[in-house]
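Participant: Sharing a structure, written as structure tokens. Questions coming.
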There are 2 protein chains.
Amino acid sequence: MTTGGFRGKILRIDLTNKEFYEETPPLEFYKDYVGGALLSAKIMYDETDPKMDPLSEDNKIIYSAGPLTGTDTPCASRLCMVTKSPLTNTITTSLSGGYFPVELKRAGYDAIVISGKAEKPTFVFIKDGTVKFRDATRYWGLNVFDTQMYMKEQLRDQNIRISCIGPAAEKLSTMGCVINEARAAGRKGIGAVLGSKNLKAVAIRGTDEIPVADKARSKKSISQMLKYFKASPMAYPQFGTKGSSVAFEVTSNLGVLPSYNWLNSEDIDWDEVMGPEVLNEYNITRNPCDRCPIACSQVRLIRKGKYSGISSEGPEYESMFSLGTLLGIKSAEFTIVADRLTDELGIDNISVGAAIAFAMELYEKGIITKEDTGGLELNFGNEDAALTLMKQIAFREGFGAVLTDGTKKAAEIIGKGSEAYTLEVKGLELPAYDARGLKAQALNFATSFTGADHNKGYAFQEVFGTPYPHAVDRLALEGKGKLTKFNQDFASLYDIVTFCEFPAQAALVENFQALTAELLSGIMGFEYTEDDAWQMGEKLINLCRMYNIRNGFTRKDDSLPTRVKNEPIPSGLSKGAVTTQEELDFMLDEYYEARGWDQEGMPTPEKLEELGLEFAIKDLP
Amino acid sequence: MTTGGFRGKILRIDLTNKEFYEETPPLEFYKDYVGGALLSAKIMYDETDPKMDPLSEDNKIIYSAGPLTGTDTPCASRLCMVTKSPLTNTITTSLSGGYFPVELKRAGYDAIVISGKAEKPTFVFIKDGTVKFRDATRYWGLNVFDTQMYMKEQLRDQNIRISCIGPAAEKLSTMGCVINEARAAGRKGIGAVLGSKNLKAVAIRGTDEIPVADKARSKKSISQMLKYFKASPMAYPQFGTKGSSVAFEVTSNLGVLPSYNWLNSEDIDWDEVMGPEVLNEYNITRNPCDRCPIACSQVRLIRKGKYSGISSEGPEYESMFSLGTLLGIKSAEFTIVADRLTDELGIDNISVGAAIAFAMELYEKGIITKEDTGGLELNFGNEDAALTLMKQIAFREGFGAVLTDGTKKAAEIIGKGSEAYTLEVKGLELPAYDARGLKAQALNFATSFTGADHNKGYAFQEVFGTPYPHAVDRLALEGKGKLTKFNQDFASLYDIVTFCEFPAQAALVENFQALTAELLSGIMGFEYTEDDAWQMGEKLINLCRMYNIRNGFTRKDDSLPTRVKNEPIPSGLSKGAVTTQEELDFMLDEYYEARGWDQEGMPTPEKLEELGLEFAIKDLP
């Protein structure tokens, strides 16, 4: 049997003992667990205790790429990182792009499983099957761009690709992310896990070709994929010119773009002030991921005024919200500046913005004062204060130390009823979609295995009006349970194979599962059907659900923030919208039923067996 | 005859017509003009009008590397840039290190001569003999590090080396420099010449080996060189641990480290506050030039407080002065922060510091007020104001627009007798050696062909007490004319062959000319003696002198600033020292005589003939 796509080797790195070895799983493992999120979640499930402290040396962190990565498939240079999150206390997965993923495969591995804790700051240098542990003391404290620049010079090879953490993750901020070249595995404190292991970076270089089982067959699928890209009104015309900022026009005009710490979702026409048309005036170049014809990533530069000379690869849509509307800062330039700063510091720009917005509301309400903030005047709209606080959060200094582990933790420290002003699920701050006016988004935020994560079941039907699997009313409750199951299973597939969500949602849509199954069959040499592709996604969701159940998670954790449940949107096109606990319960009932789970949100033994997860049945409470 | 070291090809680039061709000079040309500064000065002399506007398209800018570059010779990855300076209106040469120089040679060229002016922002990409003109509109306004990062991604080759300008040079600031990777061709507005040509960058990649005429012979010389390095008490023990900051201890303790815009040269023990021992606490890694065993370059990082996370490859000694003592800022951290900023902006950190210090004195004396400065409180020691002004200077904004073309020009704009507070020769701001207490330094500043340039005849005898060619009294006048000729000829050799000045001064000293002659003979295949090596240096000085004479320069231009001539150092170990016009005249007389020039500073026809510069005799007035 000719196989391909995967390399057949998983690199195991033990930081405690500075040891490594190569594992060669059986073919069956690759057929069943494919790659990316599913392969990694299985390893986490088998080898870690879901009740462990995520920042202890018992935690593992797994880098992986899917079977499509490094082949001729476009948009498949995606890296999946899986660990137990110190922010949400759940298993979590995070995807990012760039060139690192292809380099990982070329170096000979499908995944790197990192365990233990190094005695002192360390980085790992992997080159075509050789692994070296190197002292990283010198890089500790250095921002991510400088780290990469000096490390490449030190290693005398400019072509290595580097995944590293910045100051925030070193300080174990649960907003600390991992930056893979210029792309972030951004949320849920994944970087803090590296920080807790004293692991500053993984540097990688590989030169192998990735084998493909049936080139002619995969070529045909790829050719079909490119046809879909071309036919899509979204892919090249929208993502290709504006990147993710296209969503800003839509949410702004639907009245579901939260501003001022969710006190509003419409107060000015944000789109005209700082939307994609405004931002695109600053575009200078693009920096696409490997083998991506769409090239959504825009590099932007400010050429005059206070912020002259500052550039950033961004902001993405989410940062236009978290570093803009949420802070009441009406400035496209500020979002460029703050976006650059968060990248340098290696900090999640959604959570850091949310934390500052939370502090601003408390400050304006008098719940905290200048005495608490160390003199910072945290009014909405204060750019200088926001930048200063951002640095303090990253370095765990001043008032930043109160916020650096997320708003849930901050509210516990501050007290005085401040938890009413947090916007989080399972500890993860909500992204840029008002869960009051977008019901399936709300349900996804409540039920995602890793908190309010927009990438784990994005309701593109509600935002972009995509009529697949059918047209939906964004404010209706009925059908949203089924739709959320659909969207989560849909999204899981690209995290497994690993493929970019933008073309999956924007260009492939109803063809995604069938095309992926055919492409996987051609590349891997195992035979998959469209149903198999759907089941892979469902399997991931159930496996992660079971991981969290072992840690004590129940239906009560599938929750929404106080403000979303109790304070209707005060004005605009979504005026009056709110998602009450009663509404959430209605949707949860339907969702659990669609999933084949009981009404406590527990998978049934039958469902687990159906998905090939028999081994997890014993873990049901 | 076997030859080597040089590639035999000079690349000609015409930006106006987007054309290029390769020139293959005769062997004789290489034998006589060797490489680097001498080869390039000859081209400038032959092909440009010394009276031209340096920022017009008539000017040329020449990149070159010497015959040692790219061979096994250590410390020879040096790039020489030659042009007519828009700051000093003279011919000028500037050297920098890194990896670009070796790449230039590997790409097949000894030099690149760039002429004309591109219609719009352009960069040139050279790869193993292919040359492409590329649109650089996207990079215009981008800082130097970001330019390099995005350009490498655009060109899909991380291994290219990039020489580029930042915002300052784009704005034609005569403080604008060229940054070659992380190394600056820093002074005299060389970057502005690129800016005036709409040339953002030269990107280069080469893979050839550099031929060597007699490997066994050159190997022997290199081995001898490394023995000298090892035996030197300065090279590894001092430069290898502290880099150029070693000079700070010395000048601080001799009372010749100017502070507060030269109002003093000793007011506190600067060394204890921000000397090398303090700075070295911030060291994180080194970033040596290609094939350098000494590795003087220290990368420094601030790990806590206001400037947390800021790193810089520096500061060098000169920046400790210009961004520290000269501004009355008593902070090692500030010098790191400001050093990084000047690199990003691509601005000469000596001149920019000198300009800010000049403005600070005027502000404190009430000659300028807040109304002039746009609200900036320019008191000595004001860190925030200094950083803001630095950006304004680079972007030619606010009060920065007044200072951005240097202090000489700024004094003309400001008037009110402000020229008395400038410290410049031929427009170039003085570096970190108090010319009142170091007489040979003073004379070198006065006579260097490119203004107050410390690299063109550094009096290491006065600073470090090196007894070669003999011990000197730093305050004595007699003998300083001869010594300055000696030092200038000494220094010129390393600008020609191209070799780093630090090991030449610190480890080779009395062996430098003989060793270089032997090394050149082995590498190039022409036979050179120690006398030849001395004569090369002298030839460069005379050729550049003649270039400036054609532009009308005379003895009166060999001057010193008002303060140096009239205001004695007020306190400390050099208290009372001053270098009056009378003293300068005494030294000039001796210097001209030592040079074989007449008392107006004109080379004699005999001297020109002796040096093989007969062609210049016709240009004597």
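Participant: Which one of the conditions (1) hydrophobic (A, V, I, L, M, F, W, C); (2) more than 26 Å from residue A:146 (Cβ to Cβ); (3) open to solvent by 10 Å² or more (accessible area, probe 1.4 Å) does residue B:192 fail to meet, given that it meets all the rest?
Facilitator: (3)
Participant: Scan the range A:504-523 residue by residue and report those that are under 24 Å from residue A:449 (Cβ atoms) and either open to solvent by 10 Å² or more (accessible area, probe 1.4 Å) or not aliphatic (A, V, I, L, M) (or both).
Facilitator: A:505, A:509, A:512, A:513, A:516
Participant: Among the residues in the range B:158-167, are any within 17 Å of the chain's Cα centre (by Cα), under 20 Å from residue A:308 (Cα atoms) and more than 10 Å from every other protein chain (Cβ to nearest Cβ)? Please lay out each step first, then the result.
Facilitator: Going residue by residue through the range B:158-167, those that are within 17 Å of the chain's Cα centre (by Cα) are B:163-165.
Pick out the ones that are also under 20 Å from residue A:308 (Cα atoms) and you get B:164-165.
Now drop any that are not more than 10 Å from every other protein chain (Cβ to nearest Cβ), which leaves B:164-165.
Yes, the conditions are met somewhere in the range B:158-167.
Participant: Inside the range B:159-173, can you point out the residues that are open to solvent by less than 10 Å² (accessible area, probe 1.4 Å) and either in contact with a strand residue (DSSP E or B) (Cβ under 7 Å, 6 or more places away or on another chain) or assigned to a loop (DSSP other than H, G, I, E, B) (or both)? Spell out how you get there, then give the answer.
Facilitator: So in the range B:159-173, the residues open to solvent by less than 10 Å² (accessible area, probe 1.4 Å) come out as B:160, B:162-169, B:173.
Residues satisfying the conditions are B:160, B:162, B:163, B:164, B:165, B:166, B:168, B:169, B:173.
Participant: Can you name the residue in the range A:551-582 that is part of a loop (DSSP other than H, G, I, E, B) and of a type in the set (A, V, I, L, M) and, of all such residues, is farthest from residue A:450 (Cα to Cα)? Break it down stepwise before answering.
Facilitator: As a first pass, look at the range A:551-582 and keep what is part of a loop (DSSP other than H, G, I, E, B): A:551-554, A:558-561, A:567-580.
Adding the requirement that they be of a type in the set (A, V, I, L, M) leaves A:560, A:569, A:573, A:577-578.
Numbers: A:560: 13, A:569: 26, A:573: 30, A:577: 25, A:578: 23 Å.
The qualifying residue farthest from residue A:450 (Cα to Cα) is A:573.
Participant: Hey, another quick one. Restricting attention to the range A:413-428, report how many residues are assigned to a helix (DSSP H, G or I) and within 23 Å of residue A:258 (Cβ to Cβ).
Facilitator: Looking only at the range A:413-428, we keep the residues that are assigned to a helix (DSSP H, G or I), and these are A:413-414, A:418-421.
Restricting the remaining residues to those that are within 23 Å of residue A:258 (Cβ to Cβ) gives A:414, A:418-421.
Looking only at that region, the number is 5.
Participant: Being open to solvent by less than 40 Å² (accessible area, probe 1.4 Å) and out of contact with any strand residue (DSSP E or B) (no Cβ under 8 Å at 6 or more places or on another chain) is the filter; apply it to the range B:592-612 and report the residue that is farthest from residue B:444 (Cα to Cα).
Facilitator: The residue in question is B:612.
Participant: Considering each of A:553, A:586 in turn, give the residue that is closer than 30 Å to residue A:261 by Cα, modelled with pLDDT of 95 or more and open to solvent by 40 Å² or more (accessible area, probe 1.4 Å).
Facilitator: Working: A:553 fails: open to solvent by 40 Å² or more (accessible area, probe 1.4 Å).
On inspection, the qualifying residue turns out to be A:586.
Participant: If you don't mind, there's one more thing I want to ask. May I ask you to say which residue of B:440, B:506, B:432 is in contact with a helix residue (DSSP H, G or I) (Cβ under 9 Å, 6 or more places away or on another chain), at pLDDT below 95 and farther than 22 Å from residue B:38 by Cα? Break it down into steps so the answer makes sense when it comes.
Facilitator: On the way: B:440 fails: at pLDDT below 95; B:432 fails: at pLDDT below 95.
Just a single option satisfies the conditions, and that option is B:506.
Participant: Restricting to the range B:345-392, name every residue that is hydroxyl-bearing (Ser, Thr, Tyr) and open to solvent by 10 Å² or more (accessible area, probe 1.4 Å). Let's see the steps before the verdict.
Facilitator: The first filter runs over the range B:345-392 and keeps only residues hydroxyl-bearing (Ser, Thr, Tyr), leaving B:351, B:363, B:369, B:373, B:388.
Across the range B:345-392, the qualifying residues are B:363, B:369, B:388.
Participant: Same structure again: Do any helices (runs of 4 or more DSSP H) lying entirely in the range B:434-542 carry at least 3 residues that are over 19 Å from the mean Cα position of the chain (by Cα), and which ones are they? Steps first, answer last, please.
Facilitator: Numbers: elements: B:439-447, B:460-464, B:480-497, B:512-524.
Counting at least 3 such residues, we get B:460-464, B:480-497, B:512-524.
Participant: Also, I was wondering about something else. Show the residue pairs that are 6+ apart or on different chains and have beta-carbon atoms under 7 Å apart, the first residue being within the range B:395-406 and more than 14 Å from chain A (Cβ to nearest Cβ) and more than 13 Å from residue B:422 (Cβ to Cβ), the second being part of a loop (DSSP other than H, G, I, E, B) and not hydrophobic (A, V, I, L, M, F, W, C).
Facilitator: Qualifying pairs under 7 Å: B:399/B:374.
Participant: Give the range B:443-499 a look and list any residue that's of a type in the set (Val, Ile, Thr) and surrounded by 24 or more Cβ atoms within 10 Å (Cβ to Cβ), or say none.
Facilitator: First, pick out the residues of the range B:443-499 that are of a type in the set (Val, Ile, Thr): B:447, B:450, B:463, B:466, B:472, B:484, B:496-498.
Scanning the range B:443-499 gives B:447, B:450, B:484, B:496, B:497, B:498.
A quick yes/no check of all residues on (1) free of Cβ contacts under 8 Å to residues at least 40 places away in the same chain; (2) under 30 Å from residue B:110 (Cβ atoms); (3) assigned to a loop (DSSP other than H, G, I, E, B):
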{"site": "B:201", "(1), (2), (3)": "no, yes, no"}
{"site": "B:219", "(1), (2), (3)": "no, yes, no"}
{"site": "B:225", "(1), (2), (3)": "no, yes, no"}
{"site": "B:262", "(1), (2), (3)": "no, no, yes"}
{"site": "B:273", "(1), (2), (3)": "no, no, no"}
{"site": "B:294", "(1), (2), (3)": "no, yes, yes"}
{"site": "B:303", "(1), (2), (3)": "yes, no, yes"}
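Participant: Another one. Surrounded by 15 or more Cβ atoms within 10 Å (Cβ to Cβ) and part of a loop (DSSP other than H, G, I, E, B): which single residue out of A:58, A:53, A:32 fits that description? Working first, answer last.
Facilitator: Values: A:53 fails: surrounded by 15 or more Cβ atoms within 10 Å (Cβ to Cβ); A:32 fails: part of a loop (DSSP other than H, G, I, E, B).
Just one listed residue meets the conditions, A:58.
Participant: Regarding residue B:176, is this residue over 21 Å from residue B:130 (Cα atoms), open to solvent by 10 Å² or more (accessible area, probe 1.4 Å) and under 14 Å from the mean Cα position of the chain (by Cα)? Walk me through it before giving the result.
Facilitator: Numbers: over 21 Å from residue B:130 (Cα atoms): yes; open to solvent by 10 Å² or more (accessible area, probe 1.4 Å): no; under 14 Å from the mean Cα position of the chain (by Cα): yes.
Taking the combined requirement at face value, the residue does not satisfy it.
Participant: Quick one: in the range B:83-125, of everything that is among the hydroxyl-bearing types (Ser, Thr, Tyr) and within 16 Å of the chain's Cα centre (by Cα), which residue is farthest from the other protein chains (Cβ to nearest Cβ)?
Facilitator: Here is the first cut: in the range B:83-125, the ones among the hydroxyl-bearing types (Ser, Thr, Tyr) are B:83, B:85, B:88, B:90, B:92-94, B:96, B:99, B:109, B:115, B:122.
Remaining after also requiring within 16 Å of the chain's Cα centre (by Cα): B:83, B:85, B:88, B:90, B:92-94, B:96.
Working: B:83: 25, B:85: 24, B:88: 26, B:90: 30, B:92: 26, B:93: 27, B:94: 22, B:96: 16 Å.
Out of the qualifying residues, it is B:90.
Participant: Then there's this: Would you please name the residue that is farthest from residue A:153 (Cα to Cα), looking only at residues in the range B:129-153 that are in a loop (DSSP other than H, G, I, E, B) and touching a Ser or Thr at 6+ places or on another chain (Cβ under 6 Å)?
Facilitator: Only one residue tops the list, namely B:136.
Participant: Still on this structure: Which one is nearest to the other protein chains (Cβ to nearest Cβ), of the residues in the range A:289-309 that are of a type in the set (S, T, N, Q) and open to solvent by 10 Å² or more (accessible area, probe 1.4 Å)?
Facilitator: Narrowing the range A:289-309 to residues of a type in the set (S, T, N, Q): A:297-298, A:308.
Still in the running and open to solvent by 10 Å² or more (accessible area, probe 1.4 Å): A:298, A:308.
Values: A:298: 11, A:308: 5 Å.
If we take residues in the range A:289-309 being of a type in the set (S, T, N, Q) and open to solvent by 10 Å² or more (accessible area, probe 1.4 Å), then A:308 is nearest to the other protein chains (Cβ to nearest Cβ).
Participant: Answer yes if at least one residue in the range B:271-288 is open to solvent by less than 30 Å² (accessible area, probe 1.4 Å), under 21 Å from the mean Cα position of the chain (by Cα) and at pLDDT below 95, and no otherwise.
Facilitator: yes
Participant: Here is a follow-up. Test of understanding: among A:464, A:486, A:445, A:460, which residue is touching a Leu at 6+ places or on another chain (Cβ under 8 Å) and farther than 26 Å from residue A:368 by Cα?
Facilitator: Numbers: A:464 fails: touching a Leu at 6+ places or on another chain (Cβ under 8 Å); A:486 fails: touching a Leu at 6+ places or on another chain (Cβ under 8 Å); A:460 fails: touching a Leu at 6+ places or on another chain (Cβ under 8 Å).
Going through A:464, A:486, A:445, A:460 in turn, the sole match is A:445.
Participant: Applying the selection to the range B:310-327, what residues are within 14 Å of chain A (Cβ to nearest Cβ) and open to solvent by 10 Å² or more (accessible area, probe 1.4 Å)? Step through it out loud before you land on a result.
Facilitator: First, the residues of the range B:310-327 that are within 14 Å of chain A (Cβ to nearest Cβ): B:310-314.
Matches in the range B:310-327: B:310, B:313.
Participant: Filtering the range A:126-145 down to residues that are in contact with a helix residue (DSSP H, G or I) (Cβ under 9 Å, 6 or more places away or on another chain) and more than 14 Å from chain B (Cβ to nearest Cβ), which residue is farthest from residue A:169 (Cα to Cα)? Before you say what the answer is, go through the steps one by one.
Facilitator: Filtering the range A:126-145 for residues in contact with a helix residue (DSSP H, G or I) (Cβ under 9 Å, 6 or more places away or on another chain) gives A:126, A:128, A:134, A:136, A:138-145.
Checking the rest, the ones that are also more than 14 Å from chain B (Cβ to nearest Cβ) come to A:126, A:128.
On the way: A:126: 22, A:128: 28 Å.
By that ranking, first place goes to A:128.
Participant: Now a separate question. For residue B:171, indicate whether it is touching a residue at least 40 places away in the same chain (Cβ under 8 Å), among the charged types (D, E, K, R) and not assigned by TED's automatic domain parsing to the domain that holds residue B:394.
Facilitator: Details: touching a residue at least 40 places away in the same chain (Cβ under 8 Å): yes; among the charged types (D, E, K, R): yes; not assigned by TED's automatic domain parsing to the domain that holds residue B:394: yes.
The answer is yes for residue B:171.
Participant: Suppose we filter A:63, A:21 for residues that are over 19 Å from residue A:539 (Cα atoms), outside any loop (DSSP other than H, G, I, E, B) and either open to solvent by 10 Å² or more (accessible area, probe 1.4 Å) or among the hydrophobic types (A, V, I, L, M, F, W, C) (or both); which single one remains? Steps first, answer last, please.
Facilitator: On the way: A:63 fails: either open to solvent by 10 Å² or more (accessible area, probe 1.4 Å) or among the hydrophobic types (A, V, I, L, M, F, W, C) (or both).
Checking each option against the conditions leaves just A:21.
Participant: Of all residues being assigned to a loop (DSSP other than H, G, I, E, B) and touching a Lys or Arg at 6+ places or on another chain (Cβ under 9 Å) in the range B:340-382, which is nearest to residue B:259 (Cα to Cα)? Just the residue, please. Lay out the reasoning, then the answer.
Facilitator: Filtering the range B:340-382 for residues assigned to a loop (DSSP other than H, G, I, E, B) gives B:346, B:348, B:365-369, B:374-382.
Then drop every residue that is not touching a Lys or Arg at 6+ places or on another chain (Cβ under 9 Å), which leaves B:348, B:367-368, B:376-378, B:381.
On the way: B:348: 18, B:367: 20, B:368: 20, B:376: 21, B:377: 19, B:378: 16, B:381: 11 Å.
It comes out as B:381.
The values are calculated or read from the model by the stated rules, or taken from the named source; none is laboratory data. Because the structure is a prediction, the values reported are computed rather than measured. In this analysis, Cβ positions are derived from the backbone assuming ideal geometry, glycine residues included, and neighbour counts consider all displayed protein chains. Each accessible area value is taken on the protein alone, full model and side chains, heavy atoms only, with ligands, DNA and RNA left out. Shrake-Rupley method; radii C 1.70, N 1.55, O 1.52, S 1.80 Å.
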